[in-house]
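Have a look at the structure below before the remarks.
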Amino acid sequence: MKTSASQDNFYPQIVKLVVPIVIQNLLSAAVNSADVVMLNEVGQSSISAVSLAANYAGVLFMIYYGLGTGASMLSAQYWGKKDIQAIRVIEGIALRFSLIVSLCFSAFALFAPNLMMRLFTNDAELIAIGAEYLRVMSVTYLCWGVVEIYLSILRSIGRVTVSMVLNVMTFSLNILLNAVFIFGLFGAPKLGAKGVAIATAASRIIELIGCIIVSLFNKDIKLNPAYLFIRNKLLFKDFVRLSLPAAGNDVAWSVAFSMYSVILGHLGSDAVAANSFVVVVRNFGTVLCFGTASAGGILLGNVMGAGDMEHAKTYASKLMKLTVITGVIGGALVLAVTPFVLYFADLSDTAMHYLKYMLLINTYYIMGTAVNTTLIAGVFRAGGDSRFGLICDTIDMWCYAVPLGFIAAFVFKLPVLVVYFLLCTDEFVKWPWVIKHYRSGKWLKNITREGLFEEKA
């Protein structure tokens, strides 16, 4: 999508981008919800094991997200500049990094799944179930890495509807196959937690095939293996400079967030099971926030790439107001669905007690998440500022939240809910720093280059 500097058409453009992205995020949350709801019929151990094992997918997704964000930062601005060749080079660079990471994760999940599970729990039953899940999931990582990069590029140039259609297909198929393989429908074997992994693997493979088909009909940006071998020193330098801090930021945050699961995992299966439901509900509560952040980043990048800094500044201000609104809506949604979750969840009495208060804590936690995500992953990155987020989140999570959680849980041995509450203060601790950086305007930059292909790469 190309923007016009002469018209202040922020709201029509943001709605056009937000709606498909929110639909994608809703479907992604629906898949996670389906996993938990269906496994609820199998047993608490299956829910807990899959929840713990899925932390690795969460870390991997954040790596892909970081690489995709780096690619999007550059692609959105070069799209605003109308430089298609630069976008193709950027896609190739991002795919090279993604494939390397995917191969490493696949190897670990295939050959050392028990070791991976022991990081989160010492419960033999959970380790066995989770290891089986990870072995099957290993085949999905290569497909996933390619798809995420390609769809990130498509979204950065405004092709959010294409991305949405592919995601609708994939997620719908995933939910259907979940039911088939978990419960043994239509003559399929009844596989429980393993069925979740098989359903995910099958849908990811089909999603990759869908991307290939889309690519054949896309005249601008294709999923072309030849892009892997295009060299350009300046774009590679820019990608590394911008993308690696973004990826490092997302990995540092996601690994630290996974440490929350490590802490809860060693506080008992009741805490893990309760948190499994909380994660699902929180994902639904944040879809609008994250959709707004993603759409805002695309729009701001296009405008800055076109050199219209005044409109970029205005759009960022309007985006912040929308963020506050979406954060309030997200918190209200969590509060509204809490009675229904408590009614349908089939957990032990202790786990149900944890679940009730964890959900209440997340009604305010979403506001902190909304503001920080929009600014760090949306506004700042749109202008190529990825280092601030890396520094901010690393200090916040690894110097404050994770140590606080471990000390509270294992030194002072505080109750589970107190530990959880303390962990959920992380987003608000960094608010002053993040808002101050936003007001400074240091993130407002055009990061494109002139004459890229006049020099030999």
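Looking at [x] 21.5, 68; [y] 21.8, 76; [z] 33.0, 120, which value of Rg and Dmax of the Cα atoms in Å comes from a calculation on the structure shown? Of the listed options [x] 21.5, 68; [y] 21.8, 76; [z] 33.0, 120, [x] comes from this structure. Mean sequence separation of contacting Cα pairs (under 8 Å, at least six apart), scaled by the length of the stretch 103-171, corresponds to a relative contact order of 30 percent. The distance separating the Cα centre of the stretch 97-140 from that of the stretch 356-417 comes to 26 Å.
A dipole drawn for the chain from +1 and -1 charges on Cβ atoms has a positive end, and of 70, 362, 18 the residue lying farthest that way is 70.
Excluding same-chain neighbours fewer than eight residues apart, the lysines reachable from residue 436 by a Cα-Cα span under 18 Å are 313, 318, 321, 445.
Placing +1 on each Lys and Arg Cβ and -1 on each Asp and Glu Cβ, with no other charges, gives the stretch 54-170 a dipole about its Cα centre of roughly 500 debye. With the dipole of the chain worked out from charges on the C-beta (+1 for Lys and Arg, -1 for Asp and Glu) around the Cα centre, which of 289, 201, 299 lies farthest toward the positive end? Projecting each Cα onto the dipole axis, the largest value belongs to 299.
In the chain, taking the dipole from charged Cβ atoms about the Cα centre, the farthest positive-side position among 411, 213, 269 is held by 213. Annotation for the stretch 378-456: trypsin sites (Lys or Arg not before Pro) lying in DSSP loop with at most 12 further Cβ atoms inside 10 Å of their Cβ are 413, 442, 456.
Return the lysines within reach of residue 219: Cα separation strictly under 20 angstrom, same-chain partners fewer than 8 residues apart disregarded; answer none if there are no such residues. Filter leaves 2, 81, 82. Dipole magnitude for the stretch 10-447: computed about the Cα centre from +1 point charges on Lys and Arg Cβ and -1 point charges on Asp and Glu Cβ, it is near 1480 debye.
Here the stretch 205-234 and the stretch 289-343 have alpha carbon centers that stand 29 Å from each other.
Each reported figure results from applying straightforward, stated rules to the coordinates on display, with no laboratory input. A quick note: this is a predicted structure, and the numbers were derived from the prediction, not measured. All Cβ positions, even for glycine, are placed from backbone atoms using ideal geometry, and neighbour counts span all protein chains on display.
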